[in-house]
1. Any chance segment 45-59 includes a residue that's within 15 Å of ILE96 (Cα to Cα), touching a strand residue (DSSP E or B) at 6+ places or on another chain (Cβ under 9 Å) and polar (S, T, N, Q)?
2. Of the residues SER522, SER508, SER515, which is of a type in the set (Gly, Ala, Ser), in contact (Cβ under 8 Å) with a residue 60 or more places away in the chain and under 30 Å from GLY184 (Cβ atoms)?
3. How many of the residues making up segment 227-267 are touching a residue at least 60 places away in the same chain (Cβ under 8 Å) and under 25 Å from LYS176 (Cα atoms)?
4. Quick check on my filter: what residues within segment 273-308 are free of Cβ contacts under 8 Å to residues at least 24 places away in the same chain and part of a helix (DSSP H, G or I)?
5. Answer with yes or no whether ALA270 is at pLDDT below 95, closer than 16 Å to ASP145 by Cβ and surrounded by 22 or more Cβ atoms within 10 Å (Cβ to Cβ).
6. Yes or no: segment 444-459 includes at least one residue that is of a type outside the set (Asp, Glu) and more than 25 Å from ALA592 (Cβ to Cβ).
7. Taking helices (runs of 4 or more DSSP H) that fall entirely within segment 127-239, which contain at least 3 residues that are among the hydroxyl-bearing types (Ser, Thr, Tyr) and either in the same structural domain as VAL291 (by TED's automatic domain parsing) or buried (at least 23 other Cβ atoms within 10 Å of the Cβ) (or both)?
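The values are calculated or read from the model by the stated rules, or taken from the named source; none is laboratory data. Because the structure is a prediction, the values reported are computed rather than measured. Counting neighbours? That spans all protein chains shown, and the Cβs are built from the backbone with ideal geometry, glycine included.
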Amino acid sequence: MIRSYDDLQNRRATLQTQKPKRLEVIVCAGTSCLSSDSDIILDMLQKDVLDRGLDIEVEVVKSGCFLFCGQGPMLKVMPDDVIYVQLTLKDVNRIIEEHIIKGNIVTDLLYERDDKKRAKNESDTPYYKKQRRIALRNLGIINPDSLDDYLEYNGYEAMARAITKMTPEDVIEVVKTSGLRGRGGGGFPTGLKWKFTRATKSDEKYVICNADEGDPGAFMDRSIMEGDPHSIIEAMIINGYAVGANNGLIYIRAEYEIAAKPLFKALIDAREAGLLGKEILGTDFSFDIEVKLGAGAFVCGEETALIHSMEGKRGEPTTKPPFPSEVGFRGKPSNVNNVETYANIPPILVHGADWFNKIGTKNSKGTKVFALAGNIENIGLVEVPMGTTFREIIYDIGGGIPNGKKFKAVQIGGPSGGVVTEKDLDMEIDYDSLQQAGSMMGSGGMIVMDEDTDIVEIAKFYLDFTQDESCGKCTPCRIGTKRLYEILEKLTNMEGTPHDLELLETLSENVKNASLCGLGQSAPNPVLSTLKHFRDEYEDYAYRRKRTAYVVDGQKCIGCTKCARVCPVDCIAGKPREVHVITESDCIACGACYDACPVDAIIKP
């Protein structure tokens, strides 16, 4: 039990001075790696090390995401500082025999760079070089199930300093001076939000963590919860102390089981250690946290809808003001921040406001985490200082576009954002520049598109998502997003007219201006943004100039049947060793046949 600030310091000092084992094998247990059997690799390593009697010298543990998701499963051997990538089950024995027992690096399991050289560790790998980790500081380093691991890496130091050495006003001033803005999408100054909640008089207040990350292609918050759950708990305690709240709530999607599991364990461990609950560290401040599971509604990422869902009501937004800082959960003042915002709080309290304030741009301080996906060589999490350009992220970190294709656009901000094109690749990414470009930061999903991407289909995909996720409370969003989707569907079915483009623009502006909450207000952004930059593609559909189906070149087709076997809608017919035919009216232009054809007999639309 840790009963005082001195107890915490002594516990940490003891952990840091313990003699480490000869080797520590850290296995990525993030969602991406788990989908490729990293859990089995972890079990095999632990069993083999134990069976061989190596457990006295070697410890095999799991950790959170290593960020370089496209190279999973991954593991790291410390203190040798060697990272192995794209592992299979058969590689386990080789790593034990060669590296753990003989001390030889298994070179062919290292990451291969563009120059064909093998990268031994992060410093040798271009993907990591321009990154700066603050929110993701502990991912791939600590075991998320171990409180001791978190304590050893300065865990709960910020909380301890705050509640034993600072006033609530001091804490708020540090957060305010740091320039931290909400990382959930809106970018509202975090310290100012805390100040408003502090100033509201009430007998009871709440601190809420929005962990309802639901953007397609976004997995930043989930990865933090999977790999560093104590950082969220610590930040919420600090928030509670600052605003005068004794109760915290974490709203997380029920389907995020992999993220929720370490979070539940971290809460139990923190309580048992005396870091959560009554009279924390011997002070008169008490604080505890409860987890609320959501049903996976995208609209519940909006704070008032989230609060209603936690109260057992339908997840619908309400008009603001009043803001949750005045009237929130159960009618009491409530401070809502998302996971990534909270992850920044402990290092700000430890290193100081000036340290954080010097990172980033004039009005956007610190770093931002992006989930890089789509037509990109290197898929994964990227944390970079605000002001980093799209070109640096896509080419220096992301490795560029696969198969020599040309860059077309990048969708940032998910269903709420818009596209950025080649002319803006050198734009410094921050809240203001994105807004000026007709997009928004959003939670940080970044989907890269190559020259073959159908922009109108992309817009339709996002409208399909938002109209489905609309709570239905307000007419502009409920009906407007549905009508926008129908117009896009009409166009892509080659049934549209030039007048439909005017309707798209007019209706988009109306939905944007008249909707009740951020979902409806931002839902037309993908349409307006793509219309602005790629109007010619819309016109190809409107004037019915665009062929939307793949066709077979009869001169090249060898009748191998590979195209027919991968077609998801069974629109390809033909006998073995005979020319195949695609039924154009049924083709959805997914490109599976094009990728599968060994003789380039499939012609793109």
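1. Yes, some residue in segment 45-59 is within 15 Å of ILE96 (Cα to Cα), touching a strand residue (DSSP E or B) at 6+ places or on another chain (Cβ under 9 Å) and polar (S, T, N, Q).
2. Within the list SER522, SER508, SER515, the selection yields SER522.
3. So the answer is 17.
4. Just the residues of segment 273-308 that are free of Cβ contacts under 8 Å to residues at least 24 places away in the same chain, to begin with: 277-279, 284, 308.
Matches in segment 273-308: HIS308 only.
5. It is false that ALA270 is at pLDDT below 95, closer than 16 Å to ASP145 by Cβ and surrounded by 22 or more Cβ atoms within 10 Å (Cβ to Cβ).
6. Yes, there is a match, as at least one residue in segment 444-459 is of a type outside the set (Asp, Glu) and more than 25 Å from ALA592 (Cβ to Cβ).
7. Passing ranges: none, list empty.
Each row is one residue, and each column tells you yes or no for (1) in contact with a Pro (Cβ under 9 Å, 6 or more places away or on another chain); (2) surrounded by 15 or more Cβ atoms within 10 Å (Cβ to Cβ).
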site	(1), (2)
LYS265	yes, yes
LEU275	no, yes
GLU290	no, no
LEU293	no, yes
GLY296	no, no
ARG314	no, no
PRO322	no, no
